[in-house]
Structure formats: structure tokens, C-alpha cells
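The values are calculated or read from the model by the stated rules, or taken from the named source; none is laboratory data. Please read these numbers as outputs of a predicted model, since none were measured by experiment. Cβ: placed from backbone, ideal geometry, glycine included. Neighbour counts: every protein chain shown.
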């Protein structure tokens, strides 16, 4: 499965210090879980959270959900112990906070190898600082382990000395830079969180905006937002059906030596077929995830 075909419609942060939340995560409909050792955990609970996360991941029971662990920065008092523990936990990926350069990715990868992390363990990068935005291209291309960029828009707004607005105009440039970098290197990218849990309409609008911009999904801070994110970022039944017609019609045309074909009155070329195949693959991956 390619990095962008794996479902990441809903990516839920869960504090590692909350054992009940880690257990509840096994039954949630989120495509991915970020088990958090950083922002959601107080300093005096870091060690407990690390132990609980590693035990939970090793115990399994999360089905096909993607399990990501956000460690503390490597330069922090907890980062190296986090990395050593998570590398052997069986998690799908390590999420590194405040990534600002390719060198930070290289350092993490080197230490992952030293800690015995399997080659299948990916690296995800939190993009949440002005310097990170300016270096998005080098971060995205830093390693084959990098699978996804994760927007940290709350920290970014603070660093920019900007404001949270409904249209999110203050961060559109940053979102665009990271989207360009992710797609240039074939990576997935997920949008930042919506902070107002009482604003259901605003959350839905933010999801639609994220989809229209090109994001694969949205990071979440509460389980109640999972269903809407899954709905918005999933290809509709109509889109999947049309995509299958495109694929079949184009294959038939190609067999006859034709480069283009008309489907439902629309001219179809190779670029449309590539996107159709992506949508069908994503729909199939979502179905498989729901069956697990």
C-alpha cells in the first residue's frame, strides 16, 4: 500500500498517561491513533506514559489501525528513552515533534537503527514552526522512512503570532508549502486539529476545506469528531463507481490504440485514470480497515 493510499481520514491523539484512553482506542473507528508522549503528558507522568504506551502496543488489539507514537524531542530529557522504548514496541511509526530540517530526520533515523527499529517502522514529521515550513521540501525528502507530514497548526499559529480564524487564512501559505512538499515526494499529509469541540459546524467546514486543499485527513483531539472526518475524507460511493468506469473505459480504449476516451460526457486522459485508481485503492483500504 502506498503512503497516500493508506486511510488516514481520522488521526486521533491519545494521551499515553491515560490507560483508559489507550484501552478505548482499540474500539474506536479512527483510521490511525497517535499515542502521545509529548504535549498531552505532564513532565511527572512521562515515564508512566512511556511504559503504558509500549505495553498497550505490544498487547495489540488495535486491528489494522495505524499506530503512531509521538515521542518527546530528542534534545529533551525524555526523548532518547522514548525512542529506545518505542523502537522495539511494534508501533507503525514514530512521530517527531517540531521538525525543522533534514538533519533532524537523519538523526532520528540513525538512532532508530541503533535501537533496533525494524525497517518497516516509519517516520512522521510534525510541521509546526516557521523554520519547518521553510524547510518542508528537505524534510519530506530526507528519508525513505518518512511516510507522512502532520500539520501542527496550533503551535504554528502561536509561532506566527497570528490568529485562529474560520477561514484559516493565516496558515494557508504554510499548509500549501507542506502539501507541495508531501506530494512532490509521494507522502501522505494530515491537517491540524480543530480546537473548538463545541463548534460542530466549524469542524465540518474545516474538514471540507482540508479535503479541498488536498489533505488525506485530519488530526483530532476527541473521539466524537471521528465520524465526520471519516465521512468527509472518504471517497463517496458515486466517486468510486465513476472511478471504476473510468478505469474500465480507459483500459478498453487503450486496447484499441486510443489515448483518450469519453465517460459520462467527460474527456478522460491518463491523469484522470491515475486519480481514479487512487480513489478505488483508498476505498478498498477503508473497507478492509472497517472489517478488522
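Could we say that residue 131 is without any contact (Cβ under 8 Å) to a residue 40 or more places away in the chain and closer than 16 Å to residue 152 by Cα here? Give the steps one after another, and end with the answer.
Details: without any contact (Cβ under 8 Å) to a residue 40 or more places away in the chain: yes; closer than 16 Å to residue 152 by Cα: yes.
Judged against the criteria, residue 131 is a match.
Grab the helices (runs of 4 or more DSSP H) fully contained in the range 154-256, keeping just those with 2 or more residues being over 19 Å from residue 272 (Cβ atoms) and in contact with a helix residue (DSSP H, G or I) (Cβ under 6 Å, 6 or more places away or on another chain). Show your work before the answer.
On the way: elements: 172-184, 200-213, 226-233, 237-255.
Because the criterion is at least 2 residues that are over 19 Å from residue 272 (Cβ atoms) and in contact with a helix residue (DSSP H, G or I) (Cβ under 6 Å, 6 or more places away or on another chain), the helices (runs of 4 or more DSSP H) in the range 154-256 that meet it are 172-184, 200-213, 226-233.
May I ask you to say which residue of 54, 69, 41 is part of a helix (DSSP H, G or I) and touching a helix residue (DSSP H, G or I) at 6+ places or on another chain (Cβ under 6 Å)? Steps first, answer last, please.
Details: 69 fails: part of a helix (DSSP H, G or I); 41 fails: part of a helix (DSSP H, G or I).
None of the others qualify; the one that does is 54.
Run down 66, 100, 109 and say which single residue is under 22 Å from the mean Cα position of the chain (by Cα), closer than 28 Å to residue 287 by Cβ and in the same structural domain as residue 33 (by TED's automatic domain parsing). I'd like the intermediate steps shown before the answer.
On the way: 100 fails: closer than 28 Å to residue 287 by Cβ; 109 fails: closer than 28 Å to residue 287 by Cβ.
So the residue among 66, 100, 109 that is under 22 Å from the mean Cα position of the chain (by Cα), closer than 28 Å to residue 287 by Cβ and in the same structural domain as residue 33 (by TED's automatic domain parsing) is 66.
Could we say that residue 121 is over 24 Å from residue 225 (Cβ atoms) and either assigned by TED's automatic domain parsing to the domain that holds residue 286 or in contact with a strand residue (DSSP E or B) (Cβ under 8 Å, 6 or more places away or on another chain) (or both) here? Break it down into steps so the answer makes sense when it comes.
On the way: over 24 Å from residue 225 (Cβ atoms): yes; either assigned by TED's automatic domain parsing to the domain that holds residue 286 or in contact with a strand residue (DSSP E or B) (Cβ under 8 Å, 6 or more places away or on another chain) (or both): yes.
Taking the combined requirement at face value, the residue satisfies it.
From 29, 21, which residue is more than 17 Å from the chain's Cα centre (by Cα) and surrounded by fewer than 22 Cβ atoms within 10 Å (Cβ to Cβ)?
Working: 29 fails: more than 17 Å from the chain's Cα centre (by Cα).
Just one listed residue meets the conditions, 21.
Matching residues to (1) without any contact (Cβ under 8 Å) to a residue 40 or more places away in the chain; (2) surrounded by 13 or more Cβ atoms within 10 Å (Cβ to Cβ); (3) not assigned by TED's automatic domain parsing to the domain that holds residue 149:
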residue: 171; (1), (2), (3): yes, yes, no
residue: 174; (1), (2), (3): no, yes, no
residue: 184; (1), (2), (3): no, no, no
residue: 191; (1), (2), (3): no, yes, no
residue: 195; (1), (2), (3): no, yes, no
residue: 207; (1), (2), (3): yes, yes, no
residue: 224; (1), (2), (3): yes, no, no
residue: 253; (1), (2), (3): yes, yes, yes
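Taking the options 93, 117, 136, name whichever one is over 26 Å from residue 176 (Cα atoms), modelled with pLDDT of 95 or more and crowded, with 22+ Cβ neighbours inside 10 Å. Working first, answer last.
Numbers: 93 fails: over 26 Å from residue 176 (Cα atoms); 136 fails: over 26 Å from residue 176 (Cα atoms).
Every option except 117 fails the conditions.
Take residue 55 and decide whether it is under 22 Å from the mean Cα position of the chain (by Cα), surrounded by fewer than 21 Cβ atoms within 10 Å (Cβ to Cβ), at pLDDT 95 or above and assigned by TED's automatic domain parsing to the domain that holds residue 17. Before the answer, list the steps.
On the way: under 22 Å from the mean Cα position of the chain (by Cα): no; surrounded by fewer than 21 Cβ atoms within 10 Å (Cβ to Cβ): yes; at pLDDT 95 or above: yes; assigned by TED's automatic domain parsing to the domain that holds residue 17: yes.
It is false that residue 55 is under 22 Å from the mean Cα position of the chain (by Cα), surrounded by fewer than 21 Cβ atoms within 10 Å (Cβ to Cβ), at pLDDT 95 or above and assigned by TED's automatic domain parsing to the domain that holds residue 17.
Looking for whichever is more than 25 Å from residue 129 (Cβ to Cβ) and in contact with a helix residue (DSSP H, G or I) (Cβ under 8 Å, 6 or more places away or on another chain) here; the options are 114, 61. Which one fits? Show your work before the answer.
On the way: 114 fails: in contact with a helix residue (DSSP H, G or I) (Cβ under 8 Å, 6 or more places away or on another chain).
After applying the criteria, what remains is 61.
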